[in-house]
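S.K.: I'd like to ask you about the structure that follows.
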Amino acid sequence: MKRVAPSLLAADFCHLHRDLVMINESQADWLHLDVMDGVFVPNISFGFPVLEHVAKVCTKPLDVHLMIVEPQKFIPEVKALGAHVMNVHYEACMHLDRTVHAIKQQDMLAGVTLNPHTSVSFLDDILPELDLVLLMSVNPGFGGQTFIENTYRRIDQLRNLIEKRNSKALIQVDGGVTDENAAKLYATGADVLVAGSYVFKSSDPKNAILRLKTIS
């Protein structure tokens, strides 16, 4: 099943309500929310006061991706949003197993993100506990970057590891996703595509989302 999660990072924040209504009316499966702290990644995006308002308007499941240090501290805040997925970076979690189980105890799907040059093999022990693995296909921190071609090989490696470990984890890809690489990403083994600029910079965002869902 192909899933698409538009990334709010690329939305027009002068017309945020308009863009959220568009997401509600679209074929998007989730809304991807990148929270950046300027420490773990070299940028600052938005925090929980903004997310609280987003949650009031958006009717799609919220996919909260914390690009921050010590993400485990914010499990209650993410839960309070009614989030469907809470996604933390492998590189930011000293006690990853504890964090994953704390997320699952709050009835959210537990996701772990890997930066482009973090080996998928590092998830071998915890993979059976995960609901989702997000492979960054750009270096995290900024939207609009060029897709890293090595991502295809990493998806293939992760898919093989998931099967080996009998895991049910979905594979999500974030960064530089467009209609030019979506079909190959799905064919290689991706389940969920995060798309920011491709969707929100399009002249017809709803159609852009639909195209990513139906492309073959």
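S.K.: Given contacts defined as C-alpha pairs under 8 Å and at least six residues apart, what's the relative contact order of segment 66-145, whole-number percent?
M.R.: Normalised by residue count, the contact order of segment 66-145 is 28 percent.
S.K.: Which pairs break 31 Å Cα to Cα here: Lys73/Lys168; Lys104/Lys164; Lys56/Lys184; Lys73/Lys201; Lys79/Lys168?
M.R.: Working: Lys73/Lys168 26 Å; Lys104/Lys164 23 Å; Lys56/Lys184 35 Å; Lys73/Lys201 33 Å; Lys79/Lys168 22 Å.
Listed pairs above 31 Å: Lys56/Lys184; Lys73/Lys201.
S.K.: Hey, another quick one. With charges set only on the Cβ (+1 for Lys and Arg, -1 for Asp and Glu), what does the dipole of the chain come to about its Cα centre, in debye to the nearest 20? Please report the intermediate quantities before stating the final value.
M.R.: On the way: 20 positive and 25 negative charges, 81 e Å.
Magnitude of the dipole: close to 380 debye.
S.K.: Go ahead and set up a Gaussian network model of the chain, Cα springs under 10 Å, then flag whichever of Cys14, Cys93, Cys58 fluctuates most.
M.R.: Cys14
S.K.: Still on this structure: Based on the alpha-carbon gyration tensor of segment 60-158, what equivalent-ellipsoid semi-axes (square roots of 5 times the eigenvalues) come out, in whole Å, largest first? Could the numbers behind the result be given before it?
M.R.: Values: eigenvalues 99, 49, 29 Å².
Calculated on Cα positions only, the semi-axes equal 22, 16, 12 Å.
S.K.: A further question on this structure: Take the chain, mark every one of the GluC sites (Glu not before Pro) that falls in a DSSP loop and has at most 16 other Cβ within 10 Å, then report the longest stretch left between them, sites excluded.
M.R.: Values: sites that count: Glu149, Glu180.
Answer - 1-148.
S.K.: Sticking with this structure for a sec: In terms of the Cα gyration tensor, with a ≥ b ≥ c the square roots of its eigenvalues, is segment 33-107 rounded because a/c is under 1.5, prolate because a/b exceeds b/c, or oblate?
M.R.: Cα axes put segment 33-107 in the oblate bin.
S.K.: I need the per residue convex hull volume for the chain, using only the alpha carbons, in cubic angstrom as a whole number.
M.R.: 109 Å³
S.K.: Rounded to the nearest 500, what is the chain's calculated 222 nm mean residue ellipticity when only DSSP H runs of at least 4 contribute -39500 (n - 2.57) each, over all residues? Working shown, then result.
M.R.: Working: 8 runs with 71 residues, N = 216.
Using -39500 (n - 2.57) per qualifying helix, the result is -9000 deg cm²/dmol.
S.K.: Another question, if that's okay. For the chain, modelled as a GNM with alpha-carbon contacts under 10 angstrom, which of Val39, Val177, Val192 fluctuates the most?
M.R.: Largest GNM mean-square fluctuation: Val39.
S.K.: What is the fewest-to-most order of Lys2, Lys201 by other Cβ atoms lying within 10 Å of their Cβ? The partial results should precede the final answer.
M.R.: On the way: Lys2 17, Lys201 14.
With the sparsest Cβ surroundings first, the list reads Lys201, Lys2.
Coordinate-derived values only; no laboratory data. Please read these numbers as outputs of a predicted model, since none were measured by experiment. As a convention, Cβ positions derive from the backbone with ideal geometry for all residues, glycine included, and neighbour counts pool all protein chains shown.
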